[in-house]
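J.: Structure provided below as structure tokens; questions to follow.
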Amino acid sequence: MNVFLDANVFLDVMLNRMPFAGDSEKVINMCSRGIVKGFYSALTACNLAYVLRKYCSSETARNCINSLSTFIEMVDVKAMSVKTALAS
């Protein structure tokens, strides 16, 4: 199964946002164990960097985002993909 994760799922875990942190952590753990194949957009990485820099150093934010790429695949967002999604 493939899952597409948005920035909120990651932020729930990284910032321990209740009541969603537990469920979001379960999904991320399923990705890390290979139970599901996880994806997130390049735009999500930018959004994470923007939000996380308010809570931690740029280096820490960068390390967090880089670690995601070891088990969750970053995908490009192209205009045609957005147009197709809007039309569906």
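J.: With every protein chain left in place, what is the accessible area per residue of the chain in square angstrom, probe 1.4 Å?
T.: Per-residue accessible area for the chain comes out at 68 Å².
J.: Then there's this: Along the positive direction of the dipole of the chain (beta-carbon charges: Lys, Arg +1; Asp, Glu -1; about the Cα centre), which of Val9, Tyr50, Asn63 reaches farthest?
T.: Tyr50
J.: Still on this structure, please answer the following. Roughly how many percent of the accessible protein surface of the chain is carbon and sulfur, given a 1.4 Å probe and a whole-percent answer?
T.: The nonpolar share, carbon plus sulfur, comes to 57 percent.
J.: Viscosity 0.890 mPa s, temperature 25 °C: give me the Stokes-Einstein translational D for the stretch 23-81 in µm²/s, with Rh taken as the Kirkwood radius over C-alpha pairs.
T.: 199 µm²/s
J.: Could you pull out every one of the lysines with an alpha carbon less than 27 Å from that of Lys54, ignoring same-chain neighbours closer than 8 positions?
T.: Partners within reach: Lys26.
J.: Straight-line reach from Lys37: which aspartates and glutamates have Cα under 19 Å away, leaving out those fewer than 8 places along the same chain?
T.: Correct list for Lys37: Asp6, Asp23, Glu25, Glu73, Asp76.
J.: Report, in degrees rounded to the nearest 10, the 0 to 90 angle that the Cα long axis of helix 42-52 makes with the longest principal axis of the chain.
T.: 20 degrees
J.: Quick query: amide H of Val36 versus all other amide H atoms, modeled in the peptide plane; which residues come in under 5 Å with a sequence gap of 5 or more or a different chain?
T.: Cys31
The values are calculated or read from the model by the stated rules, or taken from the named source; none is laboratory data. Because the structure is predicted, anything quoted here is derived from the model rather than measured. Note: ideal-geometry Cβ built from the backbone for every residue, glycine included; neighbour counts use all protein chains shown. Ligands, DNA and RNA are stripped out before the accessible areas are found, and what is left, the full protein with its side chains, is counted by its heavy atoms. Shrake-Rupley method; radii C 1.70, N 1.55, O 1.52, S 1.80 Å.
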